[in-house]
Each structure stands twice: as structure tokens, then as C-alpha cells.
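Trainee: My structure is below; once you've seen it, I'll send some questions.
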Amino acid sequence: MRILFISDVYFPRVNGVSTSIRTFRADLVSAGIETVLVAPAYAAVPGAPADSGVIRVPSSAVPGDPEDRRMRWRALCAALARLESEHFDLVHIHTPFIAHYAGVRFARRARLPVIATYHTFFEEYLHHYVPVLPRWLGRALARRFARSQCEALSAVVAPSEPMRQLLRAYGVGTRIEVIPTGLPAERYVRGDGARFRVTHGIPLDRPLLLYVGRVAHEKNIEFLLHSFVVLRRSRPDALLIICGEGPARTALQALARALGIAQALHFIGYLEREHALADCYAAADVFVFASRTETQGLVLLEALAQGCPVVSTAIMGTASILQPGCGARVAPEKPDVFAKTVLDVLDDPQRAARLSAQGLDYTRTWASMHMAWRLAKLYRELKDPSPVSTPARAVHM
């Protein structure tokens, strides 16, 4: 089979969507699936590996967001027009912006099935990025937007069961399959935590908390900073590292200064994924997370696969990962309780070791190859559908 992927984002832009696309593309090969990806062109990154089968579309800057690029509509249409003479079995859309409408248009012209992975929880995004919009109105718009887009699809891939349930609650009646992004084999190779600490001048015995992900308002990093203030009353030598980039960095730095923790908070930007990021995970004593918008929460699995105990809230997609015995402690979104949960891990080496061992075992069940075969099965079912009745569509509320 040959599948056309289309996305408004891809590497060198680092985020969960880019990671998901690369992971599935690599593993789908073993399932007999060839993919071609259409994605924005970015500025060249020296030393960045080339991805075969990627068609880059001329793009423009996104106002207020230096990390992202917007594909030019005419250039995108021209790129897809050049592909009309090639054979594809299905179109798989990964983002809901220009890529969605161009992908649906291409699929209709070619009379192909079209699916999309629903990576984004828009209710919270609208709240943070359009704050003047009343929250109730933002929710209504997000639900109508989701229904409209999903109705144009043959099927929807939800990265987690909570995301599937949310789409059903929106009134989406299209077929929904839960297929998370898994961990590729290299994510299980243990990093060198001591090397990371030496490189960054961090004493080997200093308590180290870590957040990895986009530095954005919807990730709820502000809550982590307030919790860190409480934690430092008991462990004044603790250090919090923020690994990633994003539009909230300046605001978070200002908040850290106001809270008196600026000297104990380090922003280190993006790290090279093959070695430096693994070293970073392995160096941490506790991985902390409190996002309200995750459709899955892949960084939680990455941390657990490196033997790093996790303390996190369990909202939306993260709840599907944070199961009993997974190597994580779930805490409510209350700074004092969250800080106490982190301290329980820092102050009890035996508990930390037990959580680390549990995490290593648990993440073995999330191997990316297994997820790719599930996705390949969906592709084949949509390409050659069996003569069964279609499910009843949900009633729009």
C-alpha cells in the first residue's frame, strides 16, 4: 500500500505531531506500507538528517509564533496536483489547518479514503490563544469545528480513549479508532545521566526535576513553578529544568523571578533526540507534568522508558497512560499536594527505584511497531471495506 501523509508541521519543528509522524512512517515500512509526506519547508538546520519521501511546500511565517510555518495554499495545491498522477491507496491528514482542507480535496478528486489523526485538544488552545473569546463560546466553536472536519473523513484516529470519548461527546459520528503513538526501539536505550549533569554543571547529588515539552501556556507549566516553590521549602537545593521552546518562555521567566526561583530554574531549549534528550531524562530524579491539553502525552512514556519516575496530573490523554503500576505517581492540581508527592519520591530512594523498574517494564507494552501494525490494519480495512452496515451517526447536541 501507498499512503499520502499531509501535515502543517514536521521536523525540524519539534512537537508531538512531528514525533508521531516520524515514528509511524518508520515502522509502517515493516507492515508493507510506503508513505509520502507533504509538509512545510523550514529554514535549513545544519546537520539535520534528511527524511526520504518528504515533499516540502514553500511556507510563510506564522504571526506571533516563530517556531511554526504556514504552507502557502497555491504552492500546496500545486504540490498535490503533481501527485495526482501517482498511485495512492489512502490519504492520512495529521493537522486540522490548511493540510486538512487540502488533503480532503485531494482525496475527493482521487476518490480515495481519507482519515485524520486528532492530535489537538482545541478547547484549551482557544482559551489560551484567544483569551478575549468567552470560554463557553470557544468550546462551542471547537466542537462545531471538530464535527465539521470529522464528517468529511472516512475514519478518525484518536491517540487515546479519553480523546475518543471527547469526540463522541462533541457529536462526531465518524468511525473512531484509538491508536496511540508508540515508542521506537531507540527510546529504550538508556541515556547517560551523569554525562548530562557534568555537561551542564549540575552536581551529581543535586535533586533534579524535569519537564520536557513545548513551552506553551496550555502546558500548565505555571502550575509546576508554583508547586516548585512549595517543594523548595523542604528541598532548597532542588533544580527544575525546562527542556523545550515555545511562546510562554518569557512569561515563565518573569514568573520565576517574581516567585524567587529564577536561580533554580534552567531553560535549556530543545535537545538532540538521539542522545542528549535521553541523557536528560536519565539525569532527572523526577519528571513532572501537568498539561491539561494532551491527547496522549508521549513525553511521559519517554521519561518512564528512561527509568525516570513521573509525578503528573491525569487529565485527558495523560490519564490513558498513567495506569496503576506504570512507574508514575498521579497527583491533583494543587501545588502543596503535588509538591508533597514529588518529595515522597525524592526522599525515598527505594520508592524511586521501584517506580523506575515499573516504568521500564510498563513501557515495553507501548512498542511503536505494534501501533504501526494496528494503523496498517485500519488502512487495509478502509481500502477494501467489508460489506457491513455503517454505524449510526451520533446525534448533534
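Trainee: Can you give the local net charge around Ala110? Use residues other than it whose beta-carbon is closer than 11 angstrom to its beta-carbon, Lys and Arg +1, Asp and Glu -1.
Mentor: Numbers: positive: Arg105, Arg108, Arg109, Arg111; negative: Glu84, Glu86, Asp89.
Local net charge: +1.
Trainee: Which residue fluctuates the most in the chain, going by a Gaussian network model with Cα springs under 10 Å, if the choices are Glu218, Glu302, Glu86?
Mentor: Glu86
Trainee: When only Cα pairs under 8 Å and 6 or more residues apart are kept, what is the percent relative contact order across the chain? Walk me through the numbers on the way to the answer.
Mentor: Values: 730 pairs, mean separation 64.7, N = 397.
The normalised contact order for the chain reaches 16 percent.
Trainee: Would you please give the residues with an amide H less than 5 Å from that of Leu183, counting only those at least 5 places away or on a separate chain, with H modeled from the backbone geometry?
Mentor: Ala367, Ser368
Trainee: Let me know the longest stretch in the chain that avoids all trypsin sites (Lys or Arg not before Pro) found in a DSSP loop with at most 14 other C-beta atoms within 10 Å. Intermediate results must be reported in sequence, preceding the final value.
Mentor: Working: sites that count: Arg111, Arg190, Arg233, Arg393.
In short, 234-392.
Trainee: I would also like to ask the following. In deg cm²/dmol and to the nearest 500, what is the mean residue ellipticity at 222 nm of the chain if only DSSP H runs of at least 4 residues count, each as -39500 (n - 2.57), divided by the residue total?
Mentor: -12500 deg cm²/dmol
Trainee: Picking from Thr250, Thr23, Thr293, which is most flexible by a Gaussian network model of the chain using Cα springs under 10 Å?
Mentor: Evaluated over the chain, the most mobile residue of the options is Thr250.
Trainee: Which one of Ala158, Ala283, Ala353 has the biggest mean-square fluctuation once the chain is modelled by GNM with Cα springs under 10 Å?
Mentor: Its mean-square fluctuation being the largest, the pick is Ala353.
Trainee: Another one. Using only Cα atoms, locate the centre of segment 251-292 and the centre of segment 88-114, then give the distance between them in Å, rounded to an integer.
Mentor: Each part's Cα centre sits 37 Å from the other's.
Trainee: Sort segment 185-365 into rounded, prolate or oblate with this rule: let a ≥ b ≥ c be the square roots of the eigenvalues of the Cα gyration tensor; rounded if a/c is under 1.5, and if a/c is not under 1.5, prolate when a/b is larger than b/c, oblate otherwise.
Mentor: Values: a/c = 1.26, a/b = 1.18, b/c = 1.07.
The shape class here is rounded.
Trainee: Quick one: which residues, 5+ away or cross-chain, put their amide H under 5 Å from the amide H of Arg175? H built at 1.01 Å from N.
Mentor: Val156
Trainee: Can you give the relative contact order of segment 185-365 as a percent, counting alpha carbon pairs under 8 Å and 6+ residues apart? Each step should come with its number before you reach the end.
Mentor: Details: 340 pairs, mean separation 45.7, N = 181.
Once divided by the residue count of segment 185-365, the mean separation gives 25 percent.
Trainee: For Cα extents along the principal axes in Å, the choices are (i) 77, 50, 48; (ii) 61, 53, 43; (iii) 63, 44, 41; which was calculated from the structure?
Mentor: (iii)
Trainee: Which FRET efficiency value, to the nearest 0.05, is calculated for Trp73 and Ala258 with the Förster distance at 56 angstrom and r the Cβ-Cβ distance?
Mentor: Details: r = 43 Å, r/R0 = 0.76.
My answer for the efficiency is 0.85.
Trainee: How much length, in nm to one decimal, is gained on full extension between Glu151 and Tyr101, taken as 0.36 nm per residue of separation minus their Cα-Cα distance?
Mentor: On the way: separation 50, 0.36 × 50 = 18.00 nm, distance 1.24 nm.
Once the chain is fully extended between Glu151 and Tyr101, it gains 16.8 nm.
Trainee: Something else now. Arg273 to Thr365: FRET efficiency via 1/(1 + (r/R0)^6), r the Cβ-Cβ distance, R0 22 Å, to the nearest 0.05?
Mentor: On the way: r = 22 Å, r/R0 = 0.99.
Using R0 = 22 Å, I get an efficiency of 0.50.
Trainee: Counting only the backbone N, which residues of segment 303-335 are under 19 Å from the spot 7 Å out from the Cα of Asp205 toward its beta-carbon?
Mentor: Taking a point 7 Å out along Cα→Cβ of Asp205, no residue of segment 303-335 has its backbone N under 19 Å.
Trainee: In the chain, what percentage of the DSSP-assigned beta bridges are antiparallel, given to the nearest 5? Write down the numbers at each step before the final one.
Mentor: Details: 4 of 43 bridges.
Taking every DSSP beta bridge with both residues in the chain, the antiparallel ones total about 10 percent.
No lab work stands behind these numbers, since they all come straight from the coordinates. Computed from a predicted model, the values in this text were never measured in an experiment. Heads up, the Cβs are rebuilt from the backbone with ideal geometry, glycines too, and the neighbour counts pull from every protein chain shown.
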